[in-house]
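Working notes, beginning with the structure itself.
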Amino acid sequence: MIIYVVAAIAILVSIAMALGRALLGPTAYDRILSVNAIGTKTVLLIAVVGFMNGRPDFLDLAIVYALMNFIGTLAVLKYFKFGSLKTGLSRTRSGGDK
């Protein structure tokens, strides 16, 4: 039981460090990366708390949160790169020159 508490505290400390990077990041991509890291560490925290309380079914919630975090990060990165979520993944002209 004590190992779960130690793991939860370590995850909370690493979330705090990633939050510091999100606030102080020099570029938008640093901030996006740190927010993604916070989401990943939150998934770990949900799993640890689930096992701490004897409820391993929290892993289902953690997996759903991880998928939402991944898709959200991809959407934000696509928006920053292309300026819209409607465009395709490549901006090549149909004339054949790339």
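Among residues of the stretch 58-79 that are under 12 Å from LEU45 (Cα atoms) and aromatic (Phe, Trp, Tyr), those with a Cβ under 8 angstrom from a residue that is open to solvent by less than 60 Å² (accessible area, probe 1.4 Å) and in a helix (DSSP H, G or I), sequence gap 6+ or separate chain, pair up as PHE58/ILE46; PHE58/ALA47; PHE58/VAL49; PHE58/GLY50; TYR65/GLY39; TYR65/THR42; TYR65/VAL43; TYR65/ILE46.
Counting only residues that are in contact (Cβ under 8 Å) with a residue 40 or more places away in the chain and open to solvent by less than 80 Å² (accessible area, probe 1.4 Å), how many does the stretch 29-45 have? The total comes to 1.
Please determine whether any residue of the stretch 10-28 is within 19 Å of LYS78 (Cα to Cα), part of a helix (DSSP H, G or I), open to solvent by 30 Å² or more (accessible area, probe 1.4 Å) and touching a helix residue (DSSP H, G or I) at 6+ places or on another chain (Cβ under 8 Å). So far as the stretch 10-28 goes, yes, one or more of its residues are within 19 Å of LYS78 (Cα to Cα), part of a helix (DSSP H, G or I), open to solvent by 30 Å² or more (accessible area, probe 1.4 Å) and touching a helix residue (DSSP H, G or I) at 6+ places or on another chain (Cβ under 8 Å).
Number of residues in the stretch 16-67 that are of a type in the set (Phe, Trp, Tyr), under 24 Å from PHE80 (Cα atoms) and more than 12 Å from the chain's Cα centre (by Cα): the value is 1. Under the condition of being surrounded by 16 or more Cβ atoms within 10 Å (Cβ to Cβ) and over 21 Å from ALA18 (Cβ atoms), the residues counted in the stretch 53-77 number 1.
The values are calculated or read from the model by the stated rules, or taken from the named source; none is laboratory data. Every value quoted in this text rests on a predicted model; they were computed, and no experiment measured them. Cβ atoms come from the backbone with ideal geometry, glycine included; neighbour counts cover every protein chain shown. Keep in mind that these areas ignore ligands, DNA and RNA; they rest on the heavy atoms of the full protein, side chains included. Shrake-Rupley method; radii C 1.70, N 1.55, O 1.52, S 1.80 Å.
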